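The structure appears below as structure tokens.
The values are calculated or read from the model by the stated rules, or taken from the named source; none is laboratory data. Just so you know, these numbers come straight off a predicted model, no measurement behind them. Every residue, glycine as well, gets a Cβ built from its backbone with ideal geometry; the counts of neighbours run over all protein chains shown.
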Amino acid sequence: MKKSISLLEIFWTFLKINTFTFGGGFTIIAMIRDEFVTKKQSIDDEEMLDLASLAQSGPGAMAISTSLLTGYKLRGPIGGFVAMFASILPCLVIISIVSVYYSKFRSNFYISNALVGISGVISAVLLVTVFQLGKVSLEKNPIFSALLMIFSFLAGYFTHLNTGFIVLILGILGIVSHSLHKEKTE
């Protein structure tokens, strides 16, 4: 059974996630999944996969889009607004501070080395997230999902196609597949 969650809990959870997570959209998705699927059990893995797919296909920062969609899923439009505001707030504060002290940060030995170390951790988190969401996708529709994953890898690795164009093609194929599957079940 899915657990209900308060607006205050949504705000504090997204504020915490977006304040202390480095690495952008996919890293944020891993943290959101951990909080709302694993710990709070407010949404399930399939819903998280759908939210991540929707967030990736829309314009803007994926972390903010995922937060907005997750908040909307949990508590409707107000939940979406609360999650989005809590996600934007740390960005605004941190960017304001960095802009004032940028030259000192850039030349600081410890900060530049810490950022290099963080990049390795981000890679590991992204790998785990892709594995977990890929596993859910493969369980749902194994042949189609495997073909899309192989196509996207080959297109990204061996061609000079823009990544946005590849995502657009995959999104269209996913919508068409979902529509055809829906018609079969009805």
Region 101-131, residues that are among the aliphatic types (A, V, I, L, M) and in contact with a helix residue (DSSP H, G or I) (Cβ under 6 Å, 6 or more places away or on another chain) | 111, 122, 125, 126
Out of curiosity, is residue 16 charged (D, E, K, R) and closer than 29 Å to residue 115 by Cα?
-> yes
Considering each residue of region 140-162, count those that are at pLDDT 80 or above, of a type in the set (S, T, N, Q) and either surrounded by 14 or more Cβ atoms within 10 Å (Cβ to Cβ) or not in a loop (DSSP other than H, G, I, E, B) (or both), and give that number.
-> 2
Restricting the search to region 100-127, which residues are part of a helix (DSSP H, G or I) and polar (S, T, N, Q)?
-> 103, 107, 112, 113, 119, 123
Which residue, of 165, 105, is surrounded by fewer than 13 Cβ atoms within 10 Å (Cβ to Cβ) and either closer than 22 Å to residue 61 by Cβ or touching a strand residue (DSSP E or B) at 6+ places or on another chain (Cβ under 6 Å) (or both)?
-> 165
Among the residues of region 1-36 satisfying the criterion of being out of contact with any helix residue (DSSP H, G or I) (no Cβ under 8 Å at 6 or more places or on another chain) and aliphatic (A, V, I, L, M), which is surrounded by the most Cβ atoms within 10 Å (Cβ to Cβ)?
-> 8
Would you check if residue 92 is part of a helix (DSSP H, G or I) and surrounded by fewer than 10 Cβ atoms within 10 Å (Cβ to Cβ)?
-> yes
